Amino acid sequence: MKRKHWEPGGGNKELRGRDEWVRISWDEALDYIADGLKDAKENYGNNSILAPTFFAAASNFFHNLLSAYGGYTFLEDTGSFGSFWFAHLYGLPPKGYEGANDRMDLRKAETVVLYGGNPAWASTGNRTYNMMQVKKAGANFIYVGPEYNVSANLFDAKWIRVRPGTDTAFLLAVVYTMLKEDDPVSNPIIDWDFLNSYTVGFDAEHMPADAKLDENFKDYILGKYDGQPKTPEWASEICGTPVEDIVWYAREMRKDKKVSILHSYAPSRCNNAESFPQLLMAIAAMGGHFGKPGHSCGGMHDQQAGNCGPPLVYAGTNYDMPELPNPVDDIIYAPEVWDAILEGKYNRTATLTRDLNNEGMRDIDIRVIYHVCRDALAAVVGTNKGIEAHRKVDLVVAHTLSLNSVAQYADIVLPIATQWEIQYDQGYLRQTSREFQMFPSQITEPLYEVQTDQWIGEELAKRLGMDPKIPFPVSLEQRYYDFFAGAQVINEAGTDYENLVTVTEDDIVWWNQNVGKAEGKPQQGRIGLKQLKEVGFYQVPRSEDDNYGHISYEEFVKDPGGNPLSSKSGKFEIYCQSYADVINGMGRSKIKPYPAYARVLNGYEESFSDFDKRIKGDYPYQIFNVHYLRRADTAYDNIPWLKEAWTSPVFINTQDAIEKGVKDGDTVLVWNQYGKILRRASLTNRLMPGCINLPNGAWPEIEEDTGIDKAGGANTLCAPVATGIGVSGYNTNLVDFEKYKGDPLTPDHLWPLRVINYL
Amino acid sequence: MEHIDLTLFSICVQAAIGIMIFVAIGMLLNKDALFKNSVFAAVGLGVIGMLASLLHLGKPFSAIRALYQFGESWLSREIWFTAIFMALLVLIALLIILKSDNRRAIIGLAWGAVLVGLVDVFSMAATYSTSSVPIWQGNATFVEFYAATISIGAVLFLLLSFKEAVNMGRIAALAVAAIVIVQVAIVVPYFVAVAGNSSAALHGSLGILASMGLANSLKWIAILSGTVMVLWLVKGEQSKSFESLLAGSAFLLFAGHLVGRYLFYASLVVTGIGLS
Amino acid sequence: MALGFYLDMTMCIGCRACQVACKDKNNLRVGILFRNVHNYETGAYPNSKLYHYSSACYHCTDAKCVKGCPTGAMHYAKDGTVQHDDELCIGCQYCVWNCPYEAPQYIDELNIVKKCDSCKDIRDAGENPACVDACPMRCLEFGDLDELRKKHGADLVTSIPILPTSSSLKPSILIKPRSYALELDFVEKEV
Ligand SMILES: Nc1nc2c(c(=O)[nH]1)N[C@H]1C(S)=C(S)[C@@H](COP(=O)(O)OP(=O)(O)OC[C@H]3O[C@@H](n4cnc5c(=O)[nH]c(N)nc54)[C@H](O)[C@@H]3O)O[C@H]1N2
Ligand SMILES: Nc1nc2c(c(=O)[nH]1)N[C@H]1C(S)=C(S)[C@@H](COP(=O)(O)OP(=O)(O)OC[C@H]3O[C@@H](n4cnc5c(=O)[nH]c(N)nc54)[C@H](O)[C@@H]3O)O[C@H]1N2
Ligand code: SF4
Ligand code: SF4
Ligand code: SF4
Ligand code: SF4
Ligand code: SF4
Ligand SMILES: [Mo]
């Protein structure tokens, strides 16, 4: 469909988001888009085409199409992982992903720390069930974060209160306490052997060879460089954690306790959080909590929450679809992208996915925004600025499953088949857990006129004068077959993979007749092709004494020289020169090569106009976003049953609310300089005073006259600014709130569906 | 006006029953009187009430099924007694039209209707007071229902048949006064006691009533002033404005109880999860 | 040996998979819930706790809805569960006022009441109720209460403070409570 007042060149651009829609044919739509791309390329260069999506995976339609057509400007977003990008530089796995032990080993832990993290909401399925088995096996749980969330509550965790974005201060004081209280003889807390053998940079005696700065972590903690020992009293003023809790936590990290520290990425999705991952690592190392049964420190993210380790079964990958190189090297970080469009320039820094070159300011003239597989208006910081940027360019295209925000503000909207309507290797369903793989089938005929991203790509390729085989050498049908036939499963001994599926000549004939056109060869495996297609999943059974357990860093700990980590020194770098060099070269904010405190942009201290005198500023409340059970990021937020089940309120500390005369269920206005939202208030005693929790992912519903977002889109309030790596700092923002004086909100599930009624 | 159907049903049927009480007494005390107007009015009220009750049902045309569970269900019993009462009432009306000389039968049927009617009012009150709506569970429900029956019945009877009803003015007026005293004596303390209860559902009900405080005041003002008027009237039965004052009193009592009954239904809060 | 639900509150995360699975099974529009998950907060900051309670029909052995129903639409099935006969129901809503647990729901479009039927059709086919199988924490079960009691130990209760005192109905329910679900300072919360 097409926006009524769009015409080549943009038409009335101001009407984006509030125009009427007209239904057009696929041919017409594809012609418009092809012309728009040609126009952009010829007149402004390939880098005038922006495609804001995550990761240039080969299966993504736009990447290969646009790369084959000469390239496009890429949107880089730290997204889920925040400041954990570049963690490999100091020795963690890439993005700090994985790194903990598997679920059976976790049951051996005595203490489990949920550092941030809310698996009951953010890792739905059986992760929480599995973690509950750890609790039942006797472990004590600790939860660190600003709200005593559903998971902490389930595990009866001890709540260590830490304000959003202040984890660095908290953890520095933990290190200080460990150092102060440690006595190798009478009170052994720190595992000095571990520090000495497996880390560099902790103290002056163990500096890495490439260190340029004559400073070390331990002396920093003791206050040698800035005159401020990182005491619990110092930290408590910033992070809000009671001093005795900091001390308690430090003691709990002791080396003779089996501690597993499982972190989410919420604390790293903050401004100026570049030191946090390295610091978490340093503390785990101080307690020697790496590479041993019951000890671990690693990610607790989506499918691997509480269950790390290589997959025991995985679907066939379609790596035979080559990822074409993108000839354009313009890469803009998400918080800076809308400004880049509006102002025509941006800071080209080291990137997450391509190169580490810091190139400084560059001119850019974005003419086309091409949305695929992402709702960049709802999910990228600075929704209002994003809308402004959308209203500037010549053409906005959105491939979409539903009338989400990017579709709302687009010129041409292309309806895409959902994974239920076609047979192909659905990206999201690839990721389930290490023990379980789904093999989904089409469950309904395509509805109305939907098409796949790849079909559109092939059609556009033709119109752009390319052979569709160049961007898309493999058909969807072949990819779907490979998804099954290429599946691998761990062998009995846990040492290698073998084919999961048995394929006979007959099977291939059957597949071609009943499923889709594909080439294949007979092979031997565990389960017949037809049977797997029928059952739809494969699960590797587990038991505590099987061969499938996993202890991260086990090899490294056995033989650090033979199995070096990814850092330059091959060890955990508590001082990491290469990391500091990359970040400092980006020019956004400066860091030390070791974990150190930095004042946080839009953090707690900035909620005061004068922090020393404790005078509150214009936006005195900290706001952060949890990932919410009503939706998967922005997806599914249009489903009335789910809206009924999950009301998506804004959570406010009970005392804070009472002071403002706000009661449960009242409609409140929350605002800052970037936007205004409305939500019903849910008062809670499980949230730190001064903090507001607005669930992430709602589709903005911005009233044109008031500018109020009635849906409470998280990024309506998130500042489009970045520090350090260019982190999207969702959890460090400042707002004020009050009881709304206008009409109260009707519950979301009674709102009209977001569908188009054509004229 | 969500509860208007049941409000009309219960008030009209109770008014009809109340009228018949005084008709029956009047027939004993007055040799020839048949109180045609009152009987016909009772029929009319009963029919309006029964029709209104159908509006409440999701499936009004299947209402007959409500008779299936006399043995178990107070609601079923209520329907039974209402139906029998109405049948007797219609029979009385027919006799009055067709065979008005058969006075014995008429009087017998009238007393039969009164008995069935009184049981019916009891069934109605039991229907509500045994439900899981805490505000309905006290004796107040019974008192309110009988009070409506008697006071509306008395004034309507007087209004419609005062010319035939020699001697009845005093009886009816005293009956109204007595039942209103009972009503005040039981209902007011009930609500005072309820306010001290911890049930969230009860407090939900009280909250609704508080939000309709004006209507609640009107109910009591109307009932009390209607009562005072009827008492004052019987003192001076011959006065010129007697008829219009009586009409005023009937209006006040009817309206007071109507509003009261509406509030009764409006305050419906069932116990529930978290509302115990 | 009544049939009924078992809820392990110590495992429940309030995810509402049961609630939505029930809507799916029974194809219920927004506003009608045969199973409804509630959340309550107790205690003061920073020691406040949250608990969830998933509630449907209790298939009471002395069911007030059955007793009050004027038509007999509400009735006991052979297995003792309380069932509703859509054909008999006249939509008088008396069961809605009689049930202390919000189980029967009046559905405007159908002009009758409906409620949880314990998924009798799929149970008769040898499977679990939809809500039970949807629960990712495996904390919801349906079955013979004596057996459930045997399986889940002694510290089970049949009521907690958020539930109406209605022992006279003999609700068929077993609950493994969270300790703080026995406190009286609960406040219902949206989460
Ligand atoms: N303020 C704030 N913002 C945040 C976050 C936060 O916590 N706070 N969280 C961030 C995080 S961690 C993430 S991961 C991002 C996620 O944000 P996004 O990357 O935008 O991801 P989704 O919300 O899943 O949106 C994916 C879109 O792709 C569509 N889609 C699904 N399948 C297909 C397909 O096959 N083809 C096409 N064309 N479209 C498809 C879906 O309908 C949906 O509209 O949001 C980030 N934004
Ligand atoms: N149901 C559902 N599941 C999801 C998603 C979804 O949208 N819905 N999104 C998926 C995606 S893309 C992602 S990235 C993951 C996210 O998964 P998580 O990062 O685990 O989830 P969050 O809800 O963002 O944050 C978890 C907890 O971190 C705490 N927290 C917030 N800020 C801070 C902080 O500064 N410091 C500390 N210590 N704690 C903090 C919050 O209290 C919150 O309870 O979830 C995935 N799973
Ligand atoms: S939950 Fe199951 S039945 Fe429902 S749509 Fe998904 S796959 Fe189909
Ligand atoms: S819970 Fe309610 S509807 Fe269910 S059997 Fe008991 S009284 Fe009847
Ligand atoms: S609504 Fe139906 S089931 Fe309920 S009491 Fe009335 S007739 Fe019985
Ligand atoms: S048993 Fe069936 S009808 Fe009852 S709550 Fe569960 S899913 Fe719903
Ligand atoms: S599905 Fe299970 S865990 Fe989720 S709310 Fe229902 S009972 Fe609780
Ligand atoms: Mo994410």
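No value in this document is a laboratory result; all are computed from the given coordinates. For clarity, every value in this text was computed on a predicted model and none was experimentally measured. A quick note on method: Cβ atoms are made from the backbone with ideal geometry, for glycine too, and the neighbour counts reach across all protein chains shown.
Quick notes on this one:
- Rg [Å, one decimal], Dmax [Å, integer] - chain B, C-alpha atoms: 18.9, 63
- Each of A:66, B:29 was scored by other Cβ atoms within 10 Å of its Cβ. Arranged with the fewest first, they read B:29, A:66.
- Here the peptides C:61-74, A:468-481 are ranked by packing, the mean other Cβ count within 10 Å, and the order with the highest first is C:61-74, A:468-481.
- The charge dipole of chain C, taken about its Cα centre with unit charges on the Cβ atoms of Lys, Arg (+1), Asp and Glu (-1) only, comes to about 260 debye.
- Given C:120/C:176; A:108/A:571; A:218/A:571; C:115/C:150; A:135/A:558, the pairs whose alpha carbons are separated by over 21 Å: C:120/C:176; A:108/A:571; C:115/C:150; A:135/A:558
- Square roots of 5 times each gyration tensor eigenvalue, C-alpha, the protein assembly as shown, largest first, Å: 68, 35, 31
- Between residue A:226 and residue B:166, the distance separating the two model label sites (each 7 Å from Cα on the Cα→Cβ line) works out to 10.9 nm.
- Share of pairwise Cα separations in the range C:39-136, more than 21 Å, in percent: 44 percent
- The calculated FRET efficiency for the pair residue A:705 and residue A:531, based on their C-beta separation and a Förster distance of 45 Å, comes to about 0.15.
- If you count Lys pairs in the range A:629-759 whose Cα atoms are under 19 Å apart, skipping same-chain pairs closer than 8 places in sequence, the total is 12.
- Whole-angstrom gap from the range C:84-98 to the range A:74-136, using each part's C-alpha centre: 51 Å
- Solution diffusion estimate, µm²/s, Stokes-Einstein, the range A:221-373, Kirkwood Rh from C-alpha pairs, 4 °C, viscosity 1.567 mPa s: 64 µm²/s
- You can think of it this way: the chain between residue A:447 and residue A:542 has 30.2 nm of extra reach, that is 0.36 nm per residue less the Cα-Cα gap.
- Whichever aspartates and glutamates have a C-alpha closer than 16 Å to that of residue A:136, once near sequence neighbours (fewer than 8 apart) are set aside: A:105, A:110, A:156, A:544, C:8
- When you filter the trypsin sites (Lys or Arg not before Pro) in the range A:319-414 for DSSP loop state and at most 14 other Cβ atoms inside 10 Å of their Cβ, you are left with A:354.
- Partner shielding of C:39-49 amounts to 5, given as the average count of beta-carbon atoms from other chains within 10 Å of each residue beta-carbon.
- Cβ neighbours within 10 Å from other chains - mean over B:71-83: 3
- Tally of Lys pairs whose C-alpha atoms are under 23 Å apart, taken over chain B, 8 or more apart or cross-chain: 7
- Note on residue C:185 and residue A:248: with the Förster distance fixed at 22 Å, the Cβ-Cβ geometry gives a FRET efficiency of about 0.25.
- Nitroxide proxy distance, nm - points 7 Å out along Cα→Cβ at residue A:42 and residue A:612: 6.4 nm
- Value of Rg to Rh for the range A:486-598 (Rh from inverse mean 1/r over Cα pairs, i.e. Kirkwood): 1.25
- Distance from the range C:118-164 to the range B:62-103 (C-alpha centre basis), Å: 46 Å
- Applying a DSSP loop filter and a limit of 10 other Cβ atoms within 10 Å to the trypsin sites (Lys or Arg not before Pro) in the range A:130-220 leaves A:212.
- Axis of helix C:17-26 versus longest Cα principal axis of chain C: the two differ by about 10°, to the nearest ten degrees.
- Chain A, helix-only ellipticity at 222 nm - DSSP H runs n ≥ 4, -39,500 (n - 2.57), divided by all residues, nearest 500: -7000 deg cm²/dmol
- Against chain B, whose longest principal axis comes from its Cα atoms, helix B:4-29 is set at around 30 degrees.
- FRET efficiency, residue A:639 to residue B:2 (Cβ-Cβ, R0 30 Å, nearest 0.05): 0.50
- Calculated on C-alpha atoms, the gyration radius of the range A:615-759 divided by its Kirkwood radius gives an Rg/Rh of 0.96.
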